[in-house]
Structure formats: structure tokens, C-alpha cells
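Below is one structure, written out as C-alpha cells; the observations come after it.
The values are calculated or read from the model by the stated rules, or taken from the named source; none is laboratory data. Bear in mind the structure is a predicted one, so any value in this text is a computation, not a measurement. We place every Cβ from the backbone using ideal geometry, glycine too, and count neighbours over all the protein chains shown.
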Amino acid sequence: MRVVAGLIRGKQVDQAKAILLNSTKAASRSVIQALKSAVANYAQKNPEERVGENELYVKEIFVDEGPTMKRMLPAPMGRAYRIRKRSNHLTIVVDKGNPVKK
């Protein structure tokens, strides 16, 4: 997930969507859904502003560790292997203006 998040950090929203649609990573689906939600939230919080996707940019995007489900897999000789199914929390902040160049 962090690899996909790094692809769109600092980009305009329309460019970020194009990058995610052409990405072969499985995480890009989740990121594009969260990006659409962030744009909709921005429009909800600022109803007086009429901004398009080409005016918004990804100000911040970060991935934090989420809860881990622990499972057991039977192993030879009465043992068990531990399986950790990891999840994450994705946070995207969009803003109006020019992206910051590094």
C-alpha cells in the first residue's frame, strides 16, 4: 500500500487517478476509492467553492498499521504455524492550490 501511496503523493487529483487506473498493484483499487472519497469530502466541507479535480492536489497521503488478525495453520508433528493477516489505515488529504515541488 505504501508503494502505491508514494506514486501519487503531491500530484494533482486527475493525474493521480490516471496513475492509479493504469497501475497493476492490487492496492491501487483501495487508494482510488479513498481518493474519490477525499475529493467528495472536500466538496462537502467547502460548498461555496466550485473546484474541479484539476484544481485539487494530494497534499498528504500516508499509510498506518491497522489491526492484525492472527490465524493458525496446522503444521507437521503437531505444531502450528502462525499466520498474520495484516491490514492498514489509509489517510488522504486533498487541498486546492499548487502542489509543493521537492
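Kindly establish whether Ala34 is in contact with a Leu (Cβ under 7 Å, 6 or more places away or on another chain), surrounded by 10 or more Cβ atoms within 10 Å (Cβ to Cβ) and over 16 Å from Ile8 (Cβ atoms). Criteria not met by Ala34. Kindly establish whether Arg50 is surrounded by 10 or more Cβ atoms within 10 Å (Cβ to Cβ) and among the charged types (D, E, K, R). Judged against the criteria, Arg50 is not a match. Taken together, the residues in segment 1-14 that are polar (S, T, N, Q) and assigned to a loop (DSSP other than H, G, I, E, B) amount to 0.
Only a single item in (1) under 15 Å from Arg2 (Cβ atoms); (2) in contact (Cβ under 8 Å) with a residue 40 or more places away in the chain is not met by Ser87, and it is number (2).
Residue-wise test of (1) out of contact with any strand residue (DSSP E or B) (no Cβ under 7 Å at 6 or more places or on another chain); (2) at pLDDT 95 or above; (3) surrounded by 13 or more Cβ atoms within 10 Å (Cβ to Cβ).
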| residue | (1), (2), (3) |
| --- | --- |
| Glu55 | no, no, yes |
| Pro74 | no, yes, no |
| Lys85 | no, yes, no |
| Lys101 | yes, no, no |
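Selection over segment 15-31 of residues that are in contact (Cβ under 8 Å) with a residue 12 or more places away in the chain, hydrophobic (A, V, I, L, M, F, W, C) and either farther than 20 Å from Gly52 by Cβ or exposed (fewer than 15 other Cβ atoms within 10 Å of the Cβ) (or both) gives a count of 2. Screening the candidates Lys59, Lys17 for the property of being part of a helix (DSSP H, G or I) and closer than 20 Å to Asn98 by Cβ yields one hit, Lys17. Of the set (1) within 16 Å of the chain's Cα centre (by Cα); (2) on the phi < 0 side of the Ramachandran plot, all apply to Gly10 but (2).
In segment 28-53, what residues are of a type in the set (Asp, Glu), over 22 Å from Gly6 (Cα atoms) and touching a strand residue (DSSP E or B) at 6+ places or on another chain (Cβ under 9 Å)? Residue satisfying the conditions is Glu49 alone.
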